[in-house]
Amino acid sequence: SPQPDVVPCNTYQGGNFAGIRQRLPYLRELGAGAIWLSPVLINPQWFTDYWGGYGIFDFLRIEPRFCTDPVAARQNPSLADKEFRELVDEIHAMGMYVVVDIVLNHTGDLFNYEGMQDSREYKPQGEYKIFWRNEDGVPQSAWTDIENVSDLKTDEGVWPEELQQDEYFRRKGGNGVDGDFGRLKELATDYKEPATGVYPVRSHLIRAYQYLIAKFDLDGFRIDTLQYIEPQFARIFGNAMREYALSIGKKNFFTFGEVWQDDDEERIAEFIGRNTHKEDDLIGVDAAIDFPMRRRLVDVCKGFAPPSVLAKHLDLRRETLKKIVSSHGDAGRYYVTFLDNHDLNERFHNPAFPEQTKLAL
């Protein structure tokens, strides 16, 4: 018999919105109260070597590859909007919330660098010359300033139109901190207009994500790579989402961020809840994914470390957050506990040792 098609592991794989809808009764039966969806915004359609969903090029458009008819949804974005909204409505009808994964730190591979290179070594001073890509991913020699490119197609450049400024991208190559993530191009969220003192990239991202809350009735955001944007922007963004959601009747909109620190509690505290380092009452992103707890929980429950390791960490956390919490239970408002996720190379659960999973849960 003929062999089934083999899909290379470095190309797009996965399901779609309809597949999630089919599994909703199962998820509800499990007792899930919310569903955290990977990023749903459109990535460059030519870019198939990477798929995490974090390579966005249009912050207002739903990814057509998640739709029942991807070709039709790409030609008519309103079809993608409709199918995603129907998914959200069905999740709500089953009594569950919808949290969408978003990114503020970077975009997709929207341009390449001088020397015809998709990525470059980090350049501390100055910027590289760049060449924006067309809808097929081909860099255009004349497209060195996105603002001066006329008649951009909807699958070219970056959208919405307000983001079409070279100054809104770092253009320094990559270092994974304040530069590109490999081929994912870094947004200049710290860029301030000299004349007005306004941070335009922050403002445009805030408006875009407020629009998505309203259009699709979303209940929360998980913010990718939160630790790589400025703590000030993290607080402003969290406030802006909360206040906008309240203005349209959502009283418990939830934001939590990826601050990947296995040990540095003070670093995490810079981004969540009340700022513990300055004398103000600004409240930013609600919570962070609890990487420090995960590492210790895994070690203790698998027998690699004694329970005292977990207890000592809880004491450290209470001391770190003593300005804003009164108990460990109170600290739970600022951390999202987990055992594994899509960024880790292994799953916690081992079928040979089910008691470990029960203990951890």
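The values are calculated or read from the model by the stated rules, or taken from the named source; none is laboratory data. Nothing here was measured: the structure is a model prediction, and the numbers come from that model. Cβ placement follows ideal geometry from the backbone for every residue including glycine, while neighbour counts extend to all protein chains displayed. The protein model used for the area step is the full one, side chains on, heavy atoms only, and it has no ligands, DNA or RNA in it. Shrake-Rupley method; radii C 1.70, N 1.55, O 1.52, S 1.80 Å.
Counting only protein heavy atoms and a 1.4 Å probe, the chain has 49 square angstrom of accessible area per residue. Think of the range 39-132 as having a plus end and a minus end, set by charges on the Cβ of Lys, Arg, Asp and Glu; of W132, F84, N43, W132 sits farthest toward the positive end of this dipole.
Taken about its Cα centre, the range 91-234 carries a charge dipole of roughly 300 debye when the Cβ of each Lys and Arg holds +1 and the Cβ of each Asp and Glu holds -1. Between the residues Y97, M116, V149, the greatest Cα displacement towards the positive end of the dipole of the range 87-156, with unit charges on the Cβ of Lys, Arg, Asp and Glu, is found for M116.
The candidate values were (i) 53, 45, 37; (ii) 63, 45, 39; (iii) 64, 62, 43; the one computed from these coordinates for Cα extents along the principal axes in Å carries the label (iii). Using heavy atoms of the protein chains and a probe of 1.4 Å, the accessible area assigned to Y211 is about 100 Å². Spin-label pair I20-E230: with each label point 7 Å from Cα along the Cα-Cβ axis, the two points sit 3.2 nm from one another. Expressed as a whole percent, the accessible area of the chain that falls on carbon and sulfur atoms is 52 (1.4 Å probe). In the elastic network of the chain, a GNM with C-alpha springs shorter than 10 Å, the most mobile of L226, L163, L314 is L314.
Solvent-accessible surface of protein heavy atoms, probed at 1.4 angstrom with all chains present, puts M116, M96 in the order M116, M96, largest first. Basic side chains Lys and Arg get +1 at the Cβ, acidic Asp and Glu get -1 at the Cβ, and with that the dipole of the chain about its Cα centre reaches some 1020 debye. Think of each Lys and Arg Cβ as +1 and each Asp and Glu Cβ as -1; about the Cα centre, that makes the dipole of the range 1-155 roughly 340 debye.
Among the listed pairs K251/K323; K129/K172; K129/K153; K215/K250, those whose Cα-Cα separation exceeds 20 Å are K251/K323; K129/K153. Relative contact order of the chain, taken over Cα pairs closer than 8 Å and 6 or more residues apart, is 12 percent. When only Cα pairs below 8 angstrom with a gap of at least 6 residues are kept, the range 6-164 shows a relative contact order of 23 percent.
By a 1.4 Å probe calculation restricted to protein chains, D315 has an accessible surface near 80 Å², given to the nearest 10. Of the listed residues V158, V300, V138, the order by accessible area with a 1.4 Å probe, largest first, is V138, V300, V158. Scanning the chain for trypsin sites (Lys or Arg not before Pro) in DSSP loops with at most 15 neighbouring Cβ atoms within 10 Å leaves 1-128 as the longest stretch between them. Counting only protein heavy atoms and using a 1.4 Å probe, the accessible area of L87 comes to about 0 Å².
Among the chymotrypsin sites (Phe, Trp or Tyr not before Pro) within the range 318-361, those in coil by DSSP and having at most 15 neighbouring Cβ atoms inside 10 Å are F338.
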